Structure formats: structure tokens, C-alpha cells
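Asks: Here it is, the structure in full.
What follows draws every value from the coordinates through simple rules; no lab data is involved. Not measured: the values here are computed from a predicted model. Quick reminder, even Gly has a Cβ in these numbers, built from the backbone with ideal geometry, and neighbours come from all protein chains shown.
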Amino acid sequence: MQPFVYEGLPSRVVFGQGTLSRLEEELERLGCRRVLVLSTPQQRAQAEQVLAQVGERGAGLFAEAAMHTPVEVTERALRRVEALGVDATVAIGGGSTIGLGKAIALRTDLPQVAIPSTYAGSEMTPILGETRDGIKTTQRTLAVLPETVIYDVDLTLTLPAGLSGTSGINAIAHAVEALYARDRNPVISLMAEEGIAALARSLPVIADTPTDAAARADALYGAWLCGACLGSVGMSLHHKLCHTLGGSFDLPHAETHTVVLPHATAYNAPAAPEAMSRIARALGVKDAAAGLFDLAGAVGAPTSLGTLGFTAEDIDRATEIATRNPYWNPREVEADGIRRLLADAQAGRRPA
Ligand code: NAD
């Protein structure tokens, strides 16, 4: 076995169905008396219910969270934090809302309770990406890791079928890259394999029956494990490509992850045979890359970058940006191979 370093991240996870009812208990445990509830405009009604639920502990609501954590939104939220004398935030929503809670924590050190309603996994990571004047920068610091995460299966029942599939495969991408990470370790690899298996068996059921509570529980369990992978070890080519496509071509986050993953996996397959056999085992298939492509098809998710608005003419510029400062990757990142990878993803070809 290769030598490794394992560091457990200090976060408390409360998991189950109906667990939102434990919010006050968790706030009491943290000693918080005046909380600001955070959400996107789309989830305002849900956030209002949470505010009502916490009664006297509820200081207010800020429902302006937005994709990629724009700094101007954070600054408006900070003014509310100060005006209301807040001592904690409660973020209810996906990665965008949880990102806002993290951005506030970075500047104030306020404790956070995160209540995720997608499978993106941000709640389990000490990572914050922020956008200023259209430029996204990412940092890793324990200051942004939420103290408490409440996973309530009930909240995910309303996640639309389409977003469930792409958000779930976005989570799988964290686990796939964890299995061949340079700093991988046996504990995180176990979580990665289990996370892929849980999502791969539940997402097709959810695509057919979005209200299937057992499948929803399995998917959220998988998302937790995959989020922990993202928070613990380094990511490689797949994440670099998705950051390039999201940042410079404005492609949607979860859909882009879904389309690129089979192709990044195929690119890395020759350099990471053990990871490939674990991914394939978790998916219950022979070939990891083809299995990921077929999973996207089975959940009705997009399988080509072309359908997301990325054209064949964009390939050269994307290749140039993605190879400029590459992340560490098990296989050398070279322009010709990346150009072919992007051409396959653009056209939606199934990896052989
Ligand atoms: P999101 O948070 O932007 O949510 C997408 C939309 O779905 C929003 O309008 C949201 O209100 C709505 N929504 C969320 N849950 C819902 C539910 N249960 N029912 C109905 N509607 C619901 O999307 P996301 O994919 O969760 O997060 C993407 C963002 O998170 C990106 O900016 C990404 O960079 C970031 N992210 C960060 C990390 C990290 O570790 N820092 C990890 C993963 C993702």
C-alpha cells in the first residue's frame, strides 16, 4: 500500500428524513441565539418556513444567494448581519446558498448550519469559490467549513428530476477524481466507491419517480460521501475542464460536469487502472467511462456539450485555457489529447 496522510475534517452531520425538525436543537448545541437564514430567491418560501420554525432565534432572512457567490451579494448580506447583530447563519439550498454562508463565515467567523437540498456537496468542503468582476477565485480554508450539516431527505423530494440527475452525477465526479487523486487515502477511497454506488443505483429510480423516498435517501447519502471526497483530496483534469467551461464559456455547472465526466474518465483510464476498476465495480459495469456515459443517458441528462451551447469553434480556446495551468493529473495533460476529449464531449460520442 502506498503511504498516505489522512485528516478528518471537523463537521457534524445529522442525516435522515424529517431531520429539519432538529434545527433548534442543533442551534442550541452551538449556542446560537440570533440567526440569519439564507436562500436563493427561488427557495424564499422554504427559507421563510425555517425562519418561522426557529422562533425567537430568527433574526431575519436574506434570500439573494446567487450562482458562483458574487462578492457584491456577500457584501449586502454582511450589512444585514451587522445591522441585525447575527450570531450564526442557516443556509438552506444548494451550492450557491451554502457558498454565501461560507463567504460570510470567512469574513466574520460566524458558525454555520448548512441544510443542503441538492447533491453538489459544498457543505462538506473547506473550499470557497467567489466571483468579483466576472473572475472566479477559489480558496481552501477551514474557516469556511460549516460546523453542522443537516441532511433532510424530505427537502430533496422537490428537487426537479432533471436537476437531480445532473446534480447527482456532479457529486459522482468528486468521487471519481478522489479515487485517482495524488493525495488519495484508503478511507476516502472507500467513501468514494460507496458514494458512486449509492448514486448510481438511486438516480435512475429518481428519474422515474422523483418522490421515491428510499431512492432519495440513498442519493443524499451518496452525495454526502462524495462531498466528503471533494473536501478531503485534490481534484484533477475533470474539475479543471469544468471550471474552464463554466468560467470562460458560461456553461451550467451540474450539466457540464455530467457531460464531461465520461470523457475525462476515458482520458485518465490508461494512467489509473485501479481507480477505473473501482469505479466500474461501483457502477456495476465493465468499463468506467462508458458506464458513466450510460448513467447520464439513463437519468435523461444531456450527453453533449453541443446541447449546452458549446460549439466546435470553441474547442481550441477551451483547450488553450484548460492546459495553461493544469491541476495535477494522473495522465499528462497534453493539448492534442484534450482537444480530442473536448471534441468527443462536444459531439456527445460514447467513450469506447
Ligand atoms: P444551486 O445552489 O445554484 O441551485 C440551483 C437552483 O435549484 C437554485 O435556484 C436553487 O434555489 C434550486 N434548488 C435547490 N434545491 C432545490 C430543491 N430541493 N427543490 C427545488 N429547487 C431547488 O446549484 P448547485 O448545483 O447545488 O450548486 C452549484 C454551485 O455550488 C456552483 O456555484 C458551484 O461552484 C458551487 N459548489 C461549490 C462547492 C464547494 O466545495 N465550494 C462544491 C460544489 C458546488
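Asks: Between the helical axis of 186-208 and the dominant principal axis of the chain, each derived from Cα atoms, what acute angle in degrees is found, rounded to the nearest 10?
Replies: Taking the Cα atoms of the chain, the angle to 186-208 is about 90 degrees.
Asks: Continuing with the same structure: Ratio of Rg to Rh for the stretch 85-225, alpha carbon only, Kirkwood?
Replies: Computed over Cα atoms, the ratio is 0.99.
Asks: Per DSSP H run of at least 4 residues, take -39500 (n - 2.57); add these up for the chain, divide by its residues and hand me the 222 nm value, nearest 500 deg cm²/dmol. Before the final figure, lay out the partial values.
Replies: Numbers: 14 runs with 186 residues, N = 352.
Rounded to the nearest 500, the figure is -17000 deg cm²/dmol.
Asks: Right, here's the next one. Using the per-residue mean of other Cβ atoms lying within 10 Å as a proxy for protection, in what order, highest first, do the peptides 139-148, 31-40, 273-282, 78-87 fall?
Replies: 31-40, 273-282, 139-148, 78-87
Asks: Starting from the amide H of residue 65, placed 1.01 Å from N in the peptide plane, find each other amide H under 5 Å away whose residue is 5 or more places distant or on another chain.
Replies: For residue 65, the qualifying residues are 39, 40.
Asks: On to the next question. Any chance you could list P(r) for the chain, counting all Cα-Cα pairs in 10 angstrom bins from zero, rounded to whole %?
Replies: The calculated distribution, bin by bin, is 6, 26, 34, 24, 9, 1, 0.
Asks: Another question, if that's okay. Tell me the net charge near residue 201. Cut-off is 15 Å between Cβ atoms, residue 201 excluded, with +1 for each Lys or Arg and -1 for each Asp or Glu.
Replies: The answer is -4.
Asks: Related question: Show me the chymotrypsin sites (Phe, Trp or Tyr not before Pro) within the stretch 264-352 that DSSP assigns to loop and that have at most 15 other Cβ atoms within 10 Å of their Cβ.
Replies: On the way: sites: 267, 293, 310, 327, 328; in loops: 310, 327, 328.
The qualifying sites are 328.
Asks: Give the long-range amide H neighbours of residue 12: residues separated by 5 or more places, or on another chain, with amide H under 5 Å away, using H modelled in the peptide plane at 1.01 Å from N.
Replies: Here the answer is 148, 149, since their amide H atoms fall under 5 Å of that of residue 12.
Asks: Once all Cα-Cα distances of the stretch 1-100 are split into 10 Å bins that start at 0, what whole-number percent is in each one?
Replies: Spelled out per bin, shortest first, that is 14, 42, 30, 9, 5, 1.
Asks: For the stretch 161-347, how big is Rg over Rh, using alpha carbon atoms and the Kirkwood form of Rh? Intermediate results must be reported in sequence, preceding the final value.
Replies: Values: Rg = 15.2 Å, Rh = 16.1 Å.
My calculation puts Rg/Rh at 0.95.
Asks: Next question. Among residues other than residue 169 whose Cβ falls under 12 Å from its Cβ, what is the net charge (Lys/Arg +1, Asp/Glu -1)?
Replies: Net of charged neighbours comes to -2.
Asks: Mind ranking 53-61, 179-187 by how tightly packed they are, going by the mean number of other C-beta atoms within 10 angstrom, highest first?
Replies: On the way: 53-61: 15.2, 179-187: 18.1.
Listed from highest to lowest mean packing, they are 179-187, 53-61.
Asks: Okay, moving on. Any idea which of 228, 325, 18 is furthest toward the positive side of the dipole for the chain, if Lys and Arg beta-carbons carry +1 and Asp and Glu beta-carbons -1?
Replies: 325
Asks: Using the charge dipole of the chain (Lys, Arg: +1 at Cβ; Asp, Glu: -1 at Cβ; taken about the Cα centre), state which of 245, 187, 284 has its Cα farthest towards the positive end.
Replies: It is 187, whose Cα lies furthest towards the positive end.
Asks: Here's another thing I want to ask about it. Placing +1 on the Cβ of each Lys and Arg and -1 on the Cβ of each Asp and Glu in the stretch 75-224, which of 207, 135, 219 has its Cα farthest towards the positive end of the resulting dipole?
Replies: Farthest towards the positive pole: 135.
Asks: What does the charge dipole of the stretch 161-347 about its Cα centre add up to, to the nearest 20 debye, if the Cβ of each Lys and Arg holds +1 and the Cβ of each Asp and Glu holds -1?
Replies: 340 debye
Asks: Give the separation of the Cα centroids, the stretch 65-114 to the stretch 128-200, in Å.
Replies: That distance is 19 Å.
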